[in-house]
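Read the structure below first, then the notes.
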Amino acid sequence: MSRPLRFNAFQMNTVGHQSPGLWTHPRDQSHRYHDPEHWVALARLLEQGRFDGVFLADVLGVYDVYQGSADAALRHAVQVPVNDPLALVPLMAQATEHLGFGVTCALTYEHPYPFARRMSTLDHLTRGRIGWNIVTGYLDSAARNLGLPRQLAHDERYDVADDYLAVVYKLWELSWDDDAVRRDKQAGVFTDPRKVHPIRHHGPHYQVPGIHLCEPSPQRTPVLYQAGSSPRGKAFAGQHAECVFVSGPSTAVVSRYVRDLRAAAQAAGRRPEDLLIYAQALVITGETEADARAKLADYRRHIDIEAALALLSGWTGVDFGRYPRDATVEYLDTDAGRGALASFSQADPDRRWTVGEAAEFIGLGGRAPVFTGSPVQVADELEAWADATGVDGFNLAYAVAHESMADVVHWLIPELQRRGRYPREYAPGTLRRKLFGQADRLPATHPARQLRLDAAAPTP
């Protein structure tokens, strides 16, 4: 029997996300990103469609690489203005029962001690439906506004991430015993202090001697997401991630990422099936193929090439404003998002992209394929992609908010359910249990469960 396909919704607390320029479409609602009802409506729609979750991207800087200025990003709403993704979670969780929430937080710029509390709080408030997309950042503008001359070098950011994760894992998994909280009103004892432990962490980047501030949450450690596609990023994902997002314009690119990620998991002592891999995609569908093609033509009229180049320049660290549109996209080793540039250059030897072609491509749905057609046609294409690449599902971007997601829910999902390739109901329990069908906590083979507290280290 064929594996079921899984969907996440790729969103951001901003106006323009993965389809630069489409905010100008008359039916687009993304300008309402600061309206709570905008997000509540989306959450209910996604739960109706049995989506695994909503994946909330984020950046802490602005896209100012293009022409050396943030002007294009500001003019065209290229992921700015942008609000905090974590604030959306309680709103959307209150309106739903099953939908998961993967939130992006850049560990490079926030100390692990308060961050661990924030995620434990969200895990409590969502009854165990929170996940964390582990990112190290890629914008120099974020580093500058946080007091650094520029961001750390690419691989150095992952070195910091290793120490960061050691801290949060100890706080989430080891600081409080399962039975530390007694809630004994007669004895007047809420927590047994003998069962709460200082973590005494003394690492190369972080010193955290004390206890976690939160009692154990339903999952303890949130579901761990990652999207790194550089060699260092894939090794990191293979060691730590439970869900991985990949982006690429062809099956050749995506299947290579999938093979590398599963091999990295095996090299880290984990099983290949311990990773759920979602490929980014945009679906444009309707009742008929003609309806879908008409939408595609309509959407293309709103693509903004300058906005797309500003986005691509920020992703890659390369100022594409300095190159003619017919110049070939070449790989350069930068400290920004290496996979973004590689997906248009070295990762796919069968095609040489020009700057203009790359900008036109990411104008709808980012660095991902656009599946257009009737529900039957799109279902055929998604099945073929999943079977060719080995992905477990798709991280669905939108062209027009919330029209794109509504079309998936109303047209595509019933067709996939008819084929037995998409769930009709949610599994019970926490997000981790829904995704993996096992326990609420990380499996014993995960590195977070391998750590031990150092009882010999001094406690200030």
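The values are calculated or read from the model by the stated rules, or taken from the named source; none is laboratory data. Keep in mind that this is a model prediction, so the values were computed, not measured. Note that each Cβ is placed from the backbone with ideal geometry, even for glycine, and that neighbours are counted across all protein chains shown. Ligands, DNA and RNA are stripped out before the accessible areas are found, and what is left, the full protein with its side chains, is counted by its heavy atoms. Shrake-Rupley method; radii C 1.70, N 1.55, O 1.52, S 1.80 Å.
Might you let me know whether the stretch 222-241 holds any residue that is among the polar types (S, T, N, Q), without any contact (Cβ under 8 Å) to a residue 24 or more places away in the chain and either outside any helix (DSSP H, G or I) or open to solvent by less than 50 Å² (accessible area, probe 1.4 Å) (or both)? No, the conditions are met nowhere in the stretch 222-241.
One residue stands out among those in the stretch 98-150 that are buried (at least 18 other Cβ atoms within 10 Å of the Cβ) and among the acidic types (Asp, Glu): the one that is farthest from residue 165 (Cα to Cα), which is 140.
Evaluating residue 49 against the criteria (1) touching a residue at least 60 places away in the same chain (Cβ under 8 Å); (2) open to solvent by 20 Å² or more (accessible area, probe 1.4 Å); (3) not β-branched (Val, Ile, Thr) leaves one unmet condition, (2).
Determine, yes or no, whether residue 186 is within 30 Å of residue 69 (Cβ to Cβ) and either in a loop (DSSP other than H, G, I, E, B) or of a type in the set (Asp, Glu) (or both). So residue 186 fails the test.
Pairs linking a residue in the stretch 168-196 that is in contact (Cβ under 8 Å) with a residue 60 or more places away in the chain and closer than 18 Å to residue 210 by Cβ to a residue that is surrounded by 14 or more Cβ atoms within 10 Å (Cβ to Cβ) and charged (D, E, K, R), with Cβ atoms under 6 Å and 6 or more positions apart or on different chains, are 172/220; 173/220. Taken residue by residue, the stretch 54-67 has no member that is closer than 30 Å to residue 437 by Cα, modelled with pLDDT of 95 or more, β-branched (Val, Ile, Thr) and in a helix (DSSP H, G or I). Within the stretch 388-432, if we keep just the residues that are without any contact (Cβ under 8 Å) to a residue 12 or more places away in the chain and in a helix (DSSP H, G or I), the residue that is farthest from the chain's Cα centre (by Cα) turns out to be 418.
Being closer than 18 Å to residue 236 by Cα, modelled with pLDDT of 95 or more and open to solvent by 10 Å² or more (accessible area, probe 1.4 Å) holds for only one residue in 153, 166, and it is 166. All of (1) more than 29 Å from residue 41 (Cβ to Cβ); (2) of a type outside the set (Asp, Glu); (3) open to solvent by less than 20 Å² (accessible area, probe 1.4 Å) hold for residue 404 with one exception: (1). Please work out which residue is farthest from residue 453 (Cα to Cα), limiting yourself to the stretch 172-214 and to residues that are among the polar types (S, T, N, Q) and more than 29 Å from the chain's Cα centre (by Cα). Residue satisfying both the conditions and the ranking: 186.
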